[in-house]
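Data block below; observations after.
Every number in this text was worked out from the coordinates using simple rules, so none of it is lab data. Note that the structure is predicted; figures quoted are calculated from it, not measured. Heads up, the Cβs are rebuilt from the backbone with ideal geometry, glycines too, and the neighbour counts pull from every protein chain shown.
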Amino acid sequence: MTTVHVTDLVKDYSIRSGLRRRRLRAVDHVSLDLVPGRTVALVGESGSGKSTIAKILTRMEKPTSGTVEVALDDGTPVRGPMYLRQVQMVFQDPFASLNPFHSIEHHIARPLLIHERTRTAAQTHERVLEMLERVNLTPAETIAPRRPHELSGGQRQRVAIARALAPGAQVLIADEPVSMLDVSIRLGVLNLLGRLQREDRLAVLYITHDLATARHFSDEIVVLYRGRVVERGPADAVILDPHHDYTKLLAQAAPDPERGPERVTAEAVIDRDAIDNSVCYDHFLGEWVQAGTPAARGARAGRAGQPA
Amino acid sequence: MTNVTAQTQPAAAELTGPAAEPDGPGTRARPGWRSLLPTMTPWLAIGLGLVIVITLFGILGPLLVGDPQRIRDQGLTGPSAQFWLGTTQTGQDVFAQLAFATRGSLEIGAIVGVIATALSGFFGIYGAYRGGVVDEAFSLFSNVALVIPGLPLIIVISGFVPRESRGLWTIALVLAVTSWAASARVLRAQTLSVRHRDYVAASRASGEKPWRVIVVEILPNLLPVIASQFVFAVIAAILGEAGLAFIGLGASNSSTLGTMLFYAQNGFALSLGAWWWFVPPGLMIALFGMGLSLINFSIDEIINPKLKNLRRHRRLAKRAARLERELTRRGAAQEADR
Amino acid sequence: MTSTVQAPAATAARGATPGAVLTVEDLSVVYEVDPPVTAVRGASLTLRRGEILGLAGESGCGKTTLAYAVNRLHRPPARVASGRITFHDVGGDDVDVLALGDRELRAFRWNKLSMVFQGAMNALNPVTTVRAQLADTLRTHRPGLSRAAVHARSRDVLERVGVDPARLTSYPHELSGGMRQRVMIAMAMLLEPQIMIMDEPTTALDVVVQREILREIVRLRDELDFAVMFITHDLPLLLEISNRIAVMLDGEIVELDTAANLLAGASHPYTRKLLGSFPSLSGERGGFIRSGVDETEEDQA
């Protein structure tokens with residue numbers, strides 16, 4: 001059981017154009033919590049800062065300011081090399097995230113060895129097969145020696161999930177884990193993630209641009225727009241009763257056959273350029289707050305009273 | 001449902017033959033290695049054949065022939081049963097000289113190949129992997145090294161180094177130092193593209209140490225490129241040394257194909273019509289270069305699999321186009337009948 | 001299943017379907033590789049004037065191959081192995097697309113039938129301006145057109161797709177993804193074709209931008225009355241915008257029906273499976289996630 005507190009995260013990139021340097025704020029005072037057994041969906045368009053947050057959480061980027069605190073159940077903070085044992089990531093593109101040169105076994109065995117989950121070769125092999133079976137890649141004996149190009153996209157993503165869980169991770173960052181997969185396979189992979197989460201009481205951050213799966217797959221939704229959190233709350237509340245203009249726009253844009261075809265031709269009522277990302281609607285508090293620091297504190301305070 | 005099945009037939013099934021590749025890192029063999037071997041084609045067979053025969057000649061030849069320096073009074077005789085490739089002006093056995101010269105040239109090629117590949121690997125791969133200031137510095141250094149001209153440099157060096165201490169290693173070092181930079185740039189570009197792939201990020205995210213990321217995750221995917229650069233470095237070194245030796249700036253203590261040509265030219269072999277003196281070393285350089293180039297083409301096919309299927313693809317495309325034309329002609333004929 | 005699909009097409013062959021602009025009968029496309037792969041198998045469909053026909057299916061099902069073959073844009077080793085493609089011109093002439101010679105084919109493409117590709121960045125030339133690319137297309141197909149007329153037409157199409165005509169002088173990389181896709185659509189409608197084939201035109205875009213583009217396509221269709229063949233894997237999107245939808249599986253059209261009928265009750269199990277793969281945004285969870293349903297190995301190759 002591991003909990004993640006993200007407080008006031010800021011990430012600036014400096015962009016060089018010619019001789020001038022420009023600062024681009026990708027993530028602007030974002031705070032969120034991940035708790036065991038719950039899934040938080042991070043929703044937003046490309047460039048909204050979703051992936052930057054994922055990279056910071058998996059230590060591939062350093063934040064400009066702000067903190068990421070990871071703590072075990074008993075309150076022990078997780079630091080140093082222990083961090084990556086607890087927090088792992090599933091990448092978007094299963095065709096790119098596995099090394100074409102190495103066998104499936106290599107991909108799962110390495111994290112086991114790095115984090116000293118197993119010691120002998122036989123033990124490692126057995127553990128690899130176990131992991132493969134957990135993600136429904138059977139018969140594991142025949143899958144393990146294969147190389148990535150011999151598997152389908154869905155199978156590869158299962159391998160990637162097994163790899164992420166191999167160190168014994170309790171926090172899973174899933175960065176658009178199904179958007180590159182064929183539609184008929186997506187549900188299977190999401191359901192797999194759901195099952196693993198229940199079994200291990202994982203804390204999951206589900207990053208996506210797909211509102212429909214965000215609603216059904218997560219407990220809580222955080223809507224990100226231009227690096228800021230503009231709306232947060234329980235999944236159904238955010239999708240069915242959006243308050244912020246940007247969330248409304250997203251909900252309008254998502255295909256939804258049940259709302260009828262006349263919706264296509266209906267003109268957008270919300271002017272995209274007029275969207276204000278300095279305010280945030282917090283469904284937990286039931287009120288508007290300033291985006292950034294105060295919103296986050298308020299949200300956490302509000303949730304403290306709620307059963308996790 | 002997915003089209004992956006079409007790609008699943010591993011090309012490994014048709015892979016055969018050894019590859020002229022430098023030794024990779026000493027990890028245990030995995031199925032992955034097999035995909036790095038080029039497909040056996042007639043061209044690759046010819047290339048390998050040439051390189052193997054010439055290399056064997058260079059290794060074993062000197063053990064079987066007599067002293068190449070022995071002076072006899074049978075100057076400038078043509079090929080005969082006693083001297084297969086005739087003799088030089090001073091009666092030395094050309095065949096014996098050729099064996100020793102081949103060995104010398106191969107030594108230079110191998111030494112330069114290894115040093116240049118190591119240098120380019122370090123500056124190209126490590127720099128690109130680290131990124132930031134390290135990359136910029138390494139890249140700048142490679143660019144500077146790239147424009148250092150080999151020939152003038154060695155002329156300058158020969159001015160400083162006395163002739164007697166200008167040995168094989170000195171020449172090899174100079175050739176290596178002036179020839180690694182281009183490969184480093186190629187490797188840097190390749191590393192940059194591999195480095196940003198998700199599987200590298202994934203292995204870093206699972207806590208892999210940097211050197212392991214480079215050696216285990218990145219390097220195998222660069223091996224074909226490195227092999228190709230190595231082969232190219234060997235060709236360049238042998239040709240470069242021959243050029244230097246021909247103008248009299250070669251290694252003083254060893255005989256190479258270049259020095260052989262140098263002495264042939266000094267002995268007026270061309271004007272005297274002593275073709276057996278200058279044709280064998282020249283041909284040897286040409287054939288070895290050709291063999292290595294043919295191997296390089298096969299390695300290129302691994303780097304760019306499109307090349308591999310190009311000919312087959314063209315043939316199939318032609319057949320498809322013909323069948324389609326027939327279909328439309330039949331359709332038109334039916335139309336006319338109606 | 002197939003019989004119900006082929007029935008209307010068979011009558012269309014004799015020009016019986018009223019308002020048809022394109023009839024594809026029993027089209028098969030084979031990739032001449034070892035062994036030959038049939039990418040499209042006996043596909044038959046009719047595209048009616050002014051309709052949006054959705055072509056749904058997953059990667060590798062042959063939907064793109066079918067679209068390319070209709071346009072004869074397929075490249076060897078792909079070849080049309082059998083079938084007929086007939087274009088019914090607005091003037092009443094029928095054109096046998098497969099029998100067209102090279103010159104006629106060039107005139108046919110873009111004039112009568114144009115295409116919008118998925119990757120606008122790849123389809124637009126990065127080193128010339130939007131104006132030059134539009135003008136190029138116009139001059140090739142309408143050689144007699146004056147400079148002023150070319151310019152006026154270029155401005156006109158950009159305005160129609162909702163791009164500021166000032167953007168004529170921009171290079172593709174200066175435009176946003178959505179803007180580029182709009183330019184692509186403008187380019188496709190430059191010669192007022194009767195059919196536009198759109199191959200995943202919005203897949204690479206963000207949902208909000210995607211919605212804007214879809215809106216634009218439907219509006220333009222209403223104004224100009226061209227027929228659209230819209231290819232995507234996103235079935236819910238098709239259900240919203242198209243009149244009829246063809247579902248492809250392994251090179252075959254397994255179901256072709258109106259959007260409303262498909263939504264109400266798809267007959268083919270694959271269609272039902274596809275529909276079930278998309279959770280509803282506003283509706284009930286259905287069999288989706290956390291209901292304890294299986295996650296069986298549906299993707300075993």
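Residue-wise, which Karplus ³J(HN,Hα) couplings in Hz belong to the stretch A:54-69, taking 6.51 cos²θ - 1.76 cosθ + 1.60, θ = phi - 60°, and x for glycine or proline?
4, 5, 5, 5, 9, 6, 8, 10, 9, x, 5, 8, x, 10, 10, 10
What does the structure give for B:210-223 when I average, per residue, the other chain Cβ atoms found within 10 Å of the residue Cβ?
Counting other chains' Cβ atoms within 10 Å and averaging over B:210-223 gives 2.
Taking amide hydrogens as modeled 1.01 Å from N in the peptide plane, which residues meet the under 5 Å criterion relative to C:Thr38, leaving out close sequence neighbours?
Placed amide hydrogens put C:Tyr31 under 5 Å from C:Thr38.
Semi-axes of the equivalent ellipsoid for the stretch A:145-240, please: Cα gyration tensor eigenvalues, times 5, square-rooted, ordered largest first, whole Å. Intermediate values should be presented prior to the final figure.
Numbers: eigenvalues 131, 48, 30 Å².
After scaling each eigenvalue by five and taking roots: 26, 15, 12 Å.
What number results when the radius of gyration of the stretch B:39-303, computed over Cα atoms, is divided by 2.2 N^0.38 Å?
Numbers: Rg = 21.6 Å, N = 265, 2.2 N^0.38 = 18.3 Å.
In units of the 2.2 N^0.38 Å rule of thumb, it is 1.18.
For the stretch A:199-228 and the stretch B:175-236, what is the centre-to-centre distance using only Cα atoms, to the nearest Å?
That distance is 37 Å.
Along the stretch A:47-52, what does the Karplus equation 6.51 cos²θ - 1.76 cosθ + 1.60 (θ = phi - 60°) give for ³J(HN,Hα), rounded to whole Hz, x for Gly and Pro?
Here the 3J(HN,Hα) series is x, 7, x, 4, 5, 4 Hz.
Return the distance in nm (one decimal) between the two label points of a simple spin-label model at B:Glu164 and A:Ile15, each offset 7 Å from Cα along Cα→Cβ.
6.8 nm
Read phi for every residue in the stretch B:226-231 and hand back ³J(HN,Hα) as whole Hz from Karplus 6.51 cos²θ - 1.76 cosθ + 1.60, θ = phi - 60°, with x for Gly and Pro.
4, 4, 5, 5, 5, 4
Cα-based Rg (one decimal) and Dmax (whole number) for the stretch A:1-148, in Å?
In order Rg, Dmax, the Cα atoms of the stretch A:1-148 give 18.7, 57 Å.
If packing is taken as the mean number of other Cβ atoms within 10 Å per residue, what is the order of B:123-135, C:193-205, C:98-110, B:45-57, highest first?
Working: B:123-135: 18.7, C:193-205: 21.5, C:98-110: 14.5, B:45-57: 16.5.
My ranking of the peptides, most packed first, is C:193-205, B:123-135, B:45-57, C:98-110.
In whole Å, what are the Cα extents of chain A along the three principal axes, biggest one first?
60, 53, 48
Quick check: from the Cα gyration tensor, does the stretch C:121-192 come out rounded (a/c under 1.5), prolate or oblate?
Prolate shape, in that a/c is at least 1.5 and a/b is the bigger ratio.
So what's the Cα pair-distance distribution over the stretch C:59-192, bin width 5 Å, in %?
2, 9, 18, 19, 17, 15, 12, 6, 1, 0
Could you check the simple spin-label distance between B:Ile157 and C:Lys273, using points 7 Å along Cα→Cβ, in nm with one decimal?
Simple spin-label model gives 6.7 nm for this pair.
Would you please state the base-10 log of I(q)/I(0) at q = 0.14, 0.17 1/Å for the stretch C:122-253, with intensities from the Debye formula using one equal scatterer on every alpha carbon?
-0.66, -0.93
Sequence-distant or interchain residues sharing an amide H contact under 5 Å with C:His74, placed H: which?
So C:His74 has HN proximity to C:Ala69.
Using DSSP, restrict attention to beta bridges with both residues in the protein assembly as shown and report what percent are antiparallel, rounded to the nearest 5.
That works out to approximately 60 percent antiparallel.
Can you classify chain C as rounded, prolate or oblate using the Cα gyration tensor, where a ≥ b ≥ c are the square roots of its eigenvalues, rounded means a/c under 1.5, and otherwise it's prolate if a/b beats b/c and oblate if not?
oblate
If you take the charge dipole of the stretch B:158-297 about its Cα centre, with +1 on Lys and Arg Cβ and -1 on Asp and Glu Cβ, which of B:Val213, B:Ile171, B:Ile238 is farthest toward its positive end?
B:Val213
Among all the lysines, which ones have a C-alpha under 20 Å from B:Lys318's C-alpha, if same-chain residues fewer than 8 places away are not counted?
Straight-line reach from B:Lys318, under 20 Å: B:Lys306, B:Lys308.
Output the Kirkwood hydrodynamic radius of the protein assembly as shown, Cα pairs only, in Å rounded to one decimal.
One decimal place: 32.4 Å for the Kirkwood radius.
Hey, which lysines would be in cross-link range of A:Lys11, C-alpha to C-alpha under 23 Å, not counting anything within fewer than 8 residues on its own chain?
A:Lys50, A:Lys55, A:Lys62
Determine the distance separating the Cα centre of the stretch C:54-125 from the Cα centre of the stretch A:126-146; give it in Å without decimals.
Spelled out, the Cα-based centre of one part sits 44 Å from the other.
How many nm is it between the label spots at B:Ala321 and C:Asp89, if each spot is 7 Å from the Cα in line with the beta carbon?
Label at B:Ala321, label at C:Asp89, 2.8 nm between them.
Given Cβ point charges of +1 (Lys, Arg) and -1 (Asp, Glu) and nothing else, what value in debye, to the nearest 20, does the dipole of chain A about its Cα centre take?
1220 debye
Per residue of C:64-77, what is the mean number of Cβ atoms on other protein chains within 10 angstrom of that residue's Cβ?
For peptide C:64-77, the averaged partner shielding equals 2.
So in chain C, what percent of DSSP beta bridges are antiparallel if you round to the nearest 5? If you can, show how the numbers build up before the last one.
Values: 25 of 44 bridges.
For chain C, the DSSP antiparallel bridge percentage is about 55.
If you put +1 on each Lys and Arg Cβ and -1 on each Asp and Glu Cβ, how big is the dipole of the protein assembly as shown around its Cα centre, in Debye rounded to 20?
With only Lys, Arg, Asp and Glu charged at Cβ, the dipole is about 2060 debye.
Kindly state, to the nearest 0.05, the FRET efficiency for A:Thr64 paired with C:Ser82, given R0 = 51 Å and r defined as their beta-carbon distance.
So the FRET efficiency works out to roughly 0.25.
Give me C:Thr140, C:Thr271 sorted ascending by neighbouring Cβ count inside 10 Å, so fewest comes first. Don't jump to the answer; show the numbers that get you there.
On the way: C:Thr140 12, C:Thr271 20.
Least to most surrounded, the residues fall as C:Thr140, C:Thr271.
Take the alpha-carbon centre of the stretch A:36-91, take the same for the stretch B:237-288, and report the distance between them in whole Å.
The stretch A:36-91 and the stretch B:237-288 have Cα centres separated by 66 Å.
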